[in-house]
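In what follows, a single structure is set out as structure tokens and then discussed.
The values are calculated or read from the model by the stated rules, or taken from the named source; none is laboratory data. Worth saying up front: this structure is predicted, and the values here are computed from it rather than measured. With ideal geometry, Cβ positions are generated from the backbone for all residues, glycine too; neighbour counts draw on all protein chains shown.
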Amino acid sequence: MMKRSFAVAGLLVLGSAAQSWAADSCGKETVVEPGDTISAIASRCDVSEGLILRANPRIDSSADLRVGQSVSLTGPMDKLSSMASSAGQQLSQAADNVGSRVKSSVEGFLNENPQLQSNIRDLGSRLGLSDGQQPAEVSLDPASPTPGTTVTVSATGLPKDSPVLIGGGNPGAAFTELDKARTTPDGTLQAAVKLPDDMNGERYQLSVRGEDGSWKAVAPPFDVRP
């Protein structure tokens, strides 16, 4: 028991030191700037890219960063994360063992639980992932607009009757929120969006995404022309 207490105390000390190190440069969080990437934030704040990803579960890549968004820099410690992952794997294995004795397949389990099957189907429908629906597609008219002009954003295959954000930015970097809209009951969208006058970089890309950041669909990038 004494050794275990020392081990936990050591983990807490290491965690405090790591968070203190981040606080010396950017504090416990930082605000996303135009053109930011996960790598740029990590360099600016003297933290690892892995810490940023662990501390912000909704961020999977630099394209998920929104200008003005607060990004947490106080993620969980590597060791605790590893312990949780290991525990999860053991639990999953235990569940598989139980499942193999009780059910011959996931399909059989769902067939005997129609309400659960219905709930899963309804969730997929809300996300635009079921009933043979095509993947989300976003197009622009004109396809290569110029800075400061208005472009028509059209999309299909989106979650139905849902609020969305329309953003723009350099491909693979932080996006700026340009407008808000709502999809139709059929999961489509058409919106007129005014582009910024100062579209920096050589390429620009518009995206449509859920307000909670749980999904996104992007239009083909286009060259920035004066």
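Of everything in the stretch 189-220, what is in a loop (DSSP other than H, G, I, E, B) and crowded, with 16+ Cβ neighbours inside 10 Å? Give them in sequence order.
Within the stretch 189-220, LEU195, MET199, GLY213, TRP215, ALA219 qualify.
Within the stretch 28-48, track down each residue that is more than 27 Å from LEU178 (Cα to Cα) and among the charged types (D, E, K, R).
Passing the criteria: LYS28, ASP46.
Among (1) under 20 Å from ILE59 (Cβ atoms); (2) among the acidic types (Asp, Glu); (3) more than 21 Å from the chain's Cα centre (by Cα), which single condition is ASP197 missing?
(1)
If I filter the stretch 47-89 down to residues being hydroxyl-bearing (Ser, Thr, Tyr) and modelled with pLDDT of 90 or more, which single residue comes out as surrounded by the most Cβ atoms within 10 Å (Cβ to Cβ)? Steps first, please.
Of the residues in the stretch 47-89, the ones hydroxyl-bearing (Ser, Thr, Tyr) are 48, 61-62, 70, 72, 74, 81-82, 85-86.
Okay, now just the ones that are also modelled with pLDDT of 90 or more, so 48, 61-62, 70, 72.
Details: SER48: 15, SER61: 12, SER62: 22, SER70: 12, SER72: 16.
So, considering only residues that are hydroxyl-bearing (Ser, Thr, Tyr) and modelled with pLDDT of 90 or more, the one surrounded by the most Cβ atoms within 10 Å (Cβ to Cβ) is SER62.
Show the residue pairs that are 6+ apart or on different chains and have beta-carbon atoms under 7 Å apart, the first residue being within the stretch 49-72 and over 21 Å from GLN205 (Cβ atoms), the second being of a type in the set (Ser, Thr, Tyr) and assigned to a helix (DSSP H, G or I).
GLU49/SER39; ARG54/SER81
GLY148 versus (1) within 20 Å of PRO34 (Cα to Cα); (2) surrounded by 14 or more Cβ atoms within 10 Å (Cβ to Cβ): which is the lone unmet condition?
(2)
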